[in-house]
1. Pairs needed: first member in segment B:83-100, closer than 15 Å to B:Ser60 by Cα; second member anywhere, among the charged types (D, E, K, R) and loosely packed, with under 13 Cβ neighbours inside 10 Å; C-beta distance under 8 Å; at least 6 residues apart or different chains.
2. Does any residue of segment A:61-71 turn out to be without any contact (Cβ under 8 Å) to a residue 12 or more places away in the chain and either under 14 Å from the mean Cα position of the chain (by Cα) or under 30 Å from A:Val109 (Cβ atoms) (or both)?
3. Please count how many residues of segment B:1-19 are out of contact with any Pro (no Cβ under 6 Å at 6 or more places or on another chain), among the charged types (D, E, K, R) and outside any strand (DSSP E or B).
4. Tally up the residues in segment A:195-214 that are in a loop (DSSP other than H, G, I, E, B) and surrounded by fewer than 18 Cβ atoms within 10 Å (Cβ to Cβ), please.
5. Could you list, in sequence order, the residues of segment A:255-281 that are polar (S, T, N, Q) and within 12 Å of chain B (Cβ to nearest Cβ)?
6. Any idea which residue in segment B:220-249 is farthest from B:Arg190 (Cα to Cα), counting only those that are among the charged types (D, E, K, R), modelled with pLDDT of 85 or more and surrounded by fewer than 16 Cβ atoms within 10 Å (Cβ to Cβ)?
7. Run down A:Leu107, A:Leu139 and say which single residue is in contact (Cβ under 8 Å) with a residue 24 or more places away in the chain and either surrounded by fewer than 17 Cβ atoms within 10 Å (Cβ to Cβ) or more than 25 Å from A:Tyr176 (Cα to Cα) (or both).
8. With A:Gly62, A:Gly24, A:Gly82 as the choices, which residue is crowded, with 24+ Cβ neighbours inside 10 Å and more than 22 Å from A:Thr247 (Cβ to Cβ)?
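The values are calculated or read from the model by the stated rules, or taken from the named source; none is laboratory data. These figures come from a predicted structure and were not determined experimentally. All Cβ positions, glycine included, derive from the backbone under ideal geometry; neighbour counts span all protein chains shown.
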2 protein chains.
Amino acid sequence: MKCKVCKRPAVINLRAQNRGLCEGCFDRYVLDRVEKAIKRFKMFTRKEKVLVAVSGGKDSLGLWDILARLGYNPTGLFVDMGIHRHGHSERSRKVVEAFARSRGLELIVESLADWWGKGIEEIGRRVLCPTCGMAKRYLTNRTAVEGGFHVLCTGHNLDDEAAVLLSNTLNWQVGYLARQSPVLEAWHPRLTRKAKPLVLLTERESALYTILRGIEYMDEPCPYSRGATTLVYKRLLNQVEWRSPGTKQRFYTLFLKNKGLFEGVAREEREGLKECERCGQPTWEGLCAFCRFVEGSHGDRGREVPEGDQVRP
Amino acid sequence: MKCKVCKRPAVINLRAQNRGLCEGCFDRYVLDRVEKAIKRFKMFTRKEKVLVAVSGGKDSLGLWDILARLGYNPTGLFVDMGIHRHGHSERSRKVVEAFARSRGLELIVESLADWWGKGIEEIGRRVLCPTCGMAKRYLTNRTAVEGGFHVLCTGHNLDDEAAVLLSNTLNWQVGYLARQSPVLEAWHPRLTRKAKPLVLLTERESALYTILRGIEYMDEPCPYSRGATTLVYKRLLNQVEWRSPGTKQRFYTLFLKNKGLFEGVAREEREGLKECERCGQPTWEGLCAFCRFVEGSHGDRGREVPEGDQVRP
């Protein structure tokens, strides 16, 4: 297969677009798609302070690299959740630190143990992705707000977003649907704007970019993520994608076009918000999810305010 | 495995409900589910004239049998579309006629060739499911309206509805989502009410019912349906169902609970309707889909009014 643009040997076949691209044209394609996402969804400008949440995986390191190359001068943030099994957190941290050093990029490291005295493995009988994610969002949001960053970027790609969308749709989680977006404004002084600049790139494209750039990344998934439902939805969508290339992209972008359907729900949810009795963060309960978590009432997590449940204990 | 109700040996394990049922209790369960669907969605009463579209497959023959047992006194309608490949239409018709005779039920037989001079195989280069479905809906609707029936029932089961819902959702077909319903009122004098009484039963339950009742049915699918996208979506949903029993039911019933989201779209679509220049049926184009089909302009089918595009040429 040859590159559709310059006829050199292709390194990837973009089936959804029915064209192959060589290494150089693919690199330009990736930068263009990210710049396009940033502009189209009004994520941030070159004058704003950008924080990138990096896990050490291919997506977040690739994103950090891309933003630096596009001239956004982003700071990295690694949050050590204290996952000692298979040395996961330690190894991830080393990968991130090595990358930052090699590129001369600024890196902030935070750890759950420093904030709370315990790592995620010391809570309850097993590590649950929703709890871990909630605590991680708390730390990343708080670091962004206190550091004066205008926006917090995460490495979610199209496959991630489409899988979450499928999950939200299969369960008709209209509140989640109302909030799912490539960019989420900071609608409270204790929240930061969130953006997902890889949202127009598939997982395959994002992975290939990181590999071609020679970036050393953590290629083992979190030892607790095995069997996560999101992976099932990704596999399902890949089956449809194989049969009808472009399905994932269409599913996600048509959803964004029709987001107005959920505007009423979003408004109702915002109007129903109270402030957490302990920390003052927006919540629908007396205590927000993080405060309940900290106080040890893990049995009844209640309803979490995704992207908006970070506390200042 | 034993029957949860009476402890006899179970014939089916209803994983979504975490219980097995024996033959007798399963039979009662099926009748109850159908009666429940008819009542909950206000489909029809025992005083109304009910027409059942029967293809000869397990779902439609099972439905006809159930409605008769529940005391609804339904008339069957078989539409011969002229699918001669593998003798499909001929064999299906014989199966339906034999069933009607054995039960002493009234059967109406219509054929596309009688109405239009040609069978579906004589149109274009290949038989397309959407065209065939549209023509079939035309004939069934017209037969129901002219025969003075209050309602036209089809054998769509939960798997059918969930697969269509998944397709409509993956493509964010908001117009289709607004119209997808277990019962659709006749909002025009030339349309009949449509109902799907098997909507609370899975394909597996519907098939087992027909088998246990000893009903001879046409067990070969239409020779043109191979590779139909709906089958792909059914397989995908079955994969999720296997992992999380109850997903299909939840997906469909939560959608119905949230149908209000699409009410604005449904209203807009109804308000945008015109009448077909040739036959007067509701349509969004100058000519409705069936008239365009009849006039041979198959290349540009335009937008069809599903469930509402039947003409009187």
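1. Once the first residue is closer than 15 Å to B:Ser60 by Cα and sits in segment B:83-100, its partners that are among the charged types (D, E, K, R) and loosely packed, with under 13 Cβ neighbours inside 10 Å give B:Ala100/B:Glu106.
2. Checked against the condition, which is being without any contact (Cβ under 8 Å) to a residue 12 or more places away in the chain and either under 14 Å from the mean Cα position of the chain (by Cα) or under 30 Å from A:Val109 (Cβ atoms) (or both), segment A:61-71 yields no hits at all.
3. 3
4. Number satisfying all stated conditions: 2.
5. A:Asn258 - this is the single residue of segment A:255-281 that is polar (S, T, N, Q) and within 12 Å of chain B (Cβ to nearest Cβ).
6. Filtering first and then ranking leaves B:Arg243.
7. A:Leu107
8. A:Gly62
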